[in-house]
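Contents: one structure, followed by commentary.
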Amino acid sequence: MWAAQLLTVARCAQGFSTGGEYARAVTYVIEHAPAQQRARWGSAIPTATLFAFAMSVLLTEVFPTKVRYTASAVTYNLSYAIFGGTAPFVATWLIDATGLPYAPAIYLSVIAIGSFCAALLLPET
């Protein structure tokens, strides 16, 4: 019983801290961006947030009602573990293999375009 209550309190604290993390992340990105591109770089985080909201809606629409929460949780956590966990290694390898410091950005753009095309092919529910 205490585990559920502790988990609830921890998740609330995590949610409260998100506001501070978001502002710090935008500030960090803007401070480290080239002088002439700060607005473009700073707009990347709100854009990613918008796509995260769209992804949550997409995940709820894809699965039937009986398994919706379980399936979306497993899908999200599995993809986060596989792709989020290996992202630093892939980014380092791409930069090393190509010699381009923006190679991970190209990789992410290609993946985003592929994901968008896959989303367009999903049936309407």
| Just wondering, is there one or more residues in the stretch 58-73 that are assigned to a helix (DSSP H, G or I), open to solvent by 60 Å² or more (accessible area, probe 1.4 Å) and either touching a strand residue (DSSP E or B) at 6+ places or on another chain (Cβ under 6 Å) or among the acidic types (Asp, Glu) (or both)? | yes
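Is at least one residue of the stretch 65-83 in contact with a Ser or Thr (Cβ under 7 Å, 6 or more places away or on another chain) and either polar (S, T, N, Q) or more than 16 Å from Ala52 (Cα to Cα) (or both)?
The initial filter retains those residues of the stretch 65-83 that are in contact with a Ser or Thr (Cβ under 7 Å, 6 or more places away or on another chain), namely 68, 72.
In the following step, the residues that additionally are either polar (S, T, N, Q) or more than 16 Å from Ala52 (Cα to Cα) (or both) were identified as 68, 72.
Within the stretch 65-83, one or more residues are in contact with a Ser or Thr (Cβ under 7 Å, 6 or more places away or on another chain) and either polar (S, T, N, Q) or more than 16 Å from Ala52 (Cα to Cα) (or both).
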| request: Scan the stretch 89-108 for residues that are under 15 Å from the mean Cα position of the chain (by Cα) and open to solvent by 60 Å² or more (accessible area, probe 1.4 Å) and report the count. | output: 2
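The values are calculated or read from the model by the stated rules, or taken from the named source; none is laboratory data. These numbers come from a predicted model, not from an experiment. So basically every Cβ, Gly included, is an ideal-geometry build from the backbone, and we count neighbours across all protein chains shown. Note: accessible area is taken over every heavy atom of the protein model, side chains too, but ligands, DNA and RNA are not part of it. Shrake-Rupley method; radii C 1.70, N 1.55, O 1.52, S 1.80 Å.
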